[in-house]
Amino acid sequence: MRPHRALVPHLSPEIELRGREARHLLEVLRARPGDLVTVFDGKGLEGRAVVEAVEAGILRLRLEQSWEVSREVGVPVELYVALLKGDALADVVRAATELGVTRIVPTITTHSVAKEMGGNKLERLRRVAVEAAKQSGRTVVPVVAEPIPLKQIPQVEQGFVAHVGSELRVREVLEPGKPISLATGPEGGFSPQEVDFLVGRGFQPVTLGRRILRAETAPLALLALVTAGEGL
């Protein structure tokens, strides 16, 4: 059986876990003294610890060994994804974390049905990213930023925007070694003016194939092309 996996504030000889992470280990995974736990700090460091004591919802761990792990994509990959209806954005965050995204920025667009995001939903998306990082073996937890209007997207070094009208393929223009920024639209897609704006910010319109993808599928297809399909 694989050891339980826990996100900790930092790796030190003695680790004290409280709150949600401690409750998950205690109540869901039934961790007990003597159990081994794989711990990681969300910044690239991982280790093995043993549960020494459980007291009033607090877990005390003793770090036995730590190491640096390289399971990340070779370059930073940020995703500007339009606000989506219902729970679709949580599904995107979960799968995008598994695919190696570095930063996720919910984006308000012309055709977005949702025009804002409450603090509770943002915190839930951040928890989803943590759980997906734990499940997928990542040692870095991607940042889930506060939503911004599309017009606040800055100039990027290398960007790709999923666009139905394009015939350009990612593999034809991707420059390995450069940071990557991706943008995908809402259910109604980006407006022509938004595509023009993104092009001015350094994004190249690219195709995701001959089929029309759902708004929650497109960001994952685009991410797979740059993190898995291109071998970064």
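Brief remarks on what is shown
- Of everything in the stretch 135-155 that is in contact with a Leu (Cβ under 8 Å, 6 or more places away or on another chain) and part of a loop (DSSP other than H, G, I, E, B), the residue that is surrounded by the fewest Cβ atoms within 10 Å (Cβ to Cβ) is Glu146.
- Residues of the stretch 102-134 that turn out to be surrounded by 15 or more Cβ atoms within 10 Å (Cβ to Cβ), in a loop (DSSP other than H, G, I, E, B) and either under 18 Å from the mean Cα position of the chain (by Cα) or charged (D, E, K, R) (or both), as a count: 2
- Yes/no for Gly34 being of a type outside the set (S, T, N, Q), within 30 Å of Val156 (Cα to Cα) and assigned to a loop (DSSP other than H, G, I, E, B): no
- When Glu72, Glu64, Glu52 are checked against the criterion of being in a loop (DSSP other than H, G, I, E, B) and either touching a Phe, Trp or Tyr at 6+ places or on another chain (Cβ under 8 Å) or closer than 27 Å to Ser12 by Cα (or both), a single residue qualifies: Glu72.
- Residue match in the stretch 66-73 (condition: in contact with a strand residue (DSSP E or B) (Cβ under 6 Å, 6 or more places away or on another chain), open to solvent by less than 10 Å² (accessible area, probe 1.4 Å), under 26 Å from Arg201 (Cβ atoms) and touching a residue at least 12 places away in the same chain (Cβ under 8 Å)): no
- A single entry from Leu89, Leu45, Leu25, Leu83 fulfils the requirement of being under 20 Å from the mean Cα position of the chain (by Cα), over 30 Å from Glu187 (Cβ atoms) and either open to solvent by less than 60 Å² (accessible area, probe 1.4 Å) or of a type in the set (Phe, Trp, Tyr) (or both): Leu45.
- With respect to the stated conditions, Arg214 fails to be surrounded by fewer than 21 Cβ atoms within 10 Å (Cβ to Cβ), in contact with a helix residue (DSSP H, G or I) (Cβ under 9 Å, 6 or more places away or on another chain), modelled with pLDDT of 90 or more and within 30 Å of Leu29 (Cα to Cα).
This table checks each residue for (1) out of contact with any strand residue (DSSP E or B) (no Cβ under 7 Å at 6 or more places or on another chain); (2) at pLDDT 95 or above; (3) aromatic (Phe, Trp, Tyr); (4) surrounded by fewer than 16 Cβ atoms within 10 Å (Cβ to Cβ).
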residue: Glu172; (1), (2), (3), (4): yes, no, no, yes
residue: Glu175; (1), (2), (3), (4): yes, no, no, yes
residue: Pro179; (1), (2), (3), (4): yes, yes, no, yes
residue: Val206; (1), (2), (3), (4): no, yes, no, no
residue: Gly209; (1), (2), (3), (4): yes, no, no, yes
residue: Leu220; (1), (2), (3), (4): yes, yes, no, no
residue: Val226; (1), (2), (3), (4): no, no, no, no
residue: Glu230; (1), (2), (3), (4): yes, no, no, yes
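The values are calculated or read from the model by the stated rules, or taken from the named source; none is laboratory data. As the structure is a prediction and not an experimental result, all values here were calculated from the model. Virtual Cβ from ideal backbone geometry, glycine too; neighbours counted across all protein chains shown. With ligands, DNA and RNA removed, areas are computed over all heavy atoms of the protein, side chains included. Shrake-Rupley method; radii C 1.70, N 1.55, O 1.52, S 1.80 Å.
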